[in-house]
1. Assess whether VAL267 counts as being free of Cβ contacts under 8 Å to residues at least 24 places away in the same chain, β-branched (Val, Ile, Thr) and farther than 30 Å from SER29 by Cβ.
2. State whether one or more residues within the stretch 194-214 are at pLDDT 80 or above, of a type in the set (Lys, Arg) and either under 23 Å from the mean Cα position of the chain (by Cα) or not in a helix (DSSP H, G or I) (or both).
3. Spot the failing condition for VAL232; the list is (1) crowded, with 24+ Cβ neighbours inside 10 Å; (2) more than 20 Å from the chain's Cα centre (by Cα); (3) not small (Gly, Ala, Ser), and only one is missed.
4. Look at GLY125 and say whether it is at pLDDT 85 or above and either under 19 Å from LEU14 (Cβ atoms) or touching a Lys or Arg at 6+ places or on another chain (Cβ under 7 Å) (or both).
5. When you go through (1) acidic (Asp, Glu); (2) more than 24 Å from VAL157 (Cβ to Cβ); (3) surrounded by fewer than 18 Cβ atoms within 10 Å (Cβ to Cβ) one by one for GLU121, which number turns out not to apply?
6. Determine which member of the set PHE329, PHE314 is more than 17 Å from the chain's Cα centre (by Cα), aromatic (Phe, Trp, Tyr) and within 30 Å of LYS62 (Cβ to Cβ).
7. Given the criteria farther than 24 Å from GLN331 by Cβ, in contact (Cβ under 8 Å) with a residue 12 or more places away in the chain, of a type outside the set (D, E, K, R) and assigned to a helix (DSSP H, G or I), does VAL146 qualify?
8. If a residue must be assigned to a helix (DSSP H, G or I) and modelled with pLDDT under 75, how many such residues does the stretch 171-193 contain?
Amino acid sequence: MGLALASLSFFSTLLLRIYWGSLAPYLISRGVSEELIGLVGSAFFAGYVVSQIPGGILGDRKGPGFAMGLGLIFSGFFNTLFYLVDSESWVWVSLAVGLLSGTVYGPSVKLVKILFPQNTERAMGVYSVAWSLPFLTAPWLISGVVESGDPGYVHMVVGILCISVGAADLVLLRRVGARDPGQVLGDLIPTLWRYRGSLVLVSLGGFLTLYYNWVIAYWTPYYIVLSGFSTVEASLAMSVFSIAGLVSMPLAGILASRLGVMRLMIVDLILYSASGILLSQYPSGSLLLPLMTILGFTRFVTTPLNSTILSMIFPRSVLSTASSIVNTFWQLSGAAAPIITAILLKATSPGNAMLVSSLAPLLAAIPYSLLARTLRPRS
């Protein structure tokens, strides 16, 4: 139950941002500018990164369930406001949603480590299915709502989902992993200093890895439509991408336990970047679905590996806070990617804009290669 709720909680915060990518073609066809959609995405992450460290500390002090539940309830409420306010206010609403949903990732990683201290790699593989599911559900959720008449209803649906999951966290996980508030900072500061080199490398590697993820989330459906496909075909492509991830994440946990986390990460990043480069240059009818399958498979291998790397670096007593600090740097990529890609789409061809973005995972292999030389498992 705890693993399922950890995964579902993280799924909910991901859906809060990922559904905008599937909604974008409909909004643009109704006169909403690409720049506004990019700003909405960047505003979410601006708020999200600010709340990472406070959310992690809250998870260490009051327990993961309390931190996750509180954040989901309030972020879900604010998400419903997208339906009630004018588009001129969307950026501010998105900032609030991001700020309030930043209390989930670090605490959820800690919760998995608490529940599965001896089989963390495999448990992270199951937990990380949450990364893929929003890409699968969002396109069909959006298309179903649009067919019903008002695309704005999707904001209400996603908001109510977050509120419901948050309430379950508070009821069922309220006291799991709570600790004495006075111990947190005393543990955290020397621990971070001790692992400062690994902290820098994993922060940089995760930033570059996730940068391309947010380009895929916010702009790949639109890029597919610009390449001559229908919105239905774009939804199908994103679903294939997501289904491939559902297969790869549990498999990644198993492979990592046998082959090694860092070795698998570096090989996967090279393949992830290569599939993105090919997609940017050859978005043809015969290649679209095979490339989206490879892209999805390789993209989602990185998710359980990143979470496992964090659990290997930091001791469990401060894992929630430490993971949130690292995730602060990771999520800066989400603040940058939507608006930078929007600018590139205006300045150059769609293919070139996507090509530039697809190089980020290849660059991420550099800091991860350096990290592999120094990283040692820690219980």
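1. Here the answer is yes, as VAL267 does meet what is asked.
2. No.
3. Here VAL232 clears every test but (1).
4. Spelling it out, it is not the case that GLY125 is at pLDDT 85 or above and either under 19 Å from LEU14 (Cβ atoms) or touching a Lys or Arg at 6+ places or on another chain (Cβ under 7 Å) (or both).
5. (3)
6. PHE314
7. It is true that VAL146 is farther than 24 Å from GLN331 by Cβ, in contact (Cβ under 8 Å) with a residue 12 or more places away in the chain, of a type outside the set (D, E, K, R) and assigned to a helix (DSSP H, G or I).
8. So the answer is 11.
The values are calculated or read from the model by the stated rules, or taken from the named source; none is laboratory data. Bear in mind that the values here come from a model prediction, so they are computed numbers and not experimental data. Methodologically, a virtual Cβ is constructed for each residue, glycine included, from the backbone with ideal geometry; neighbour enumeration extends over all protein chains shown.
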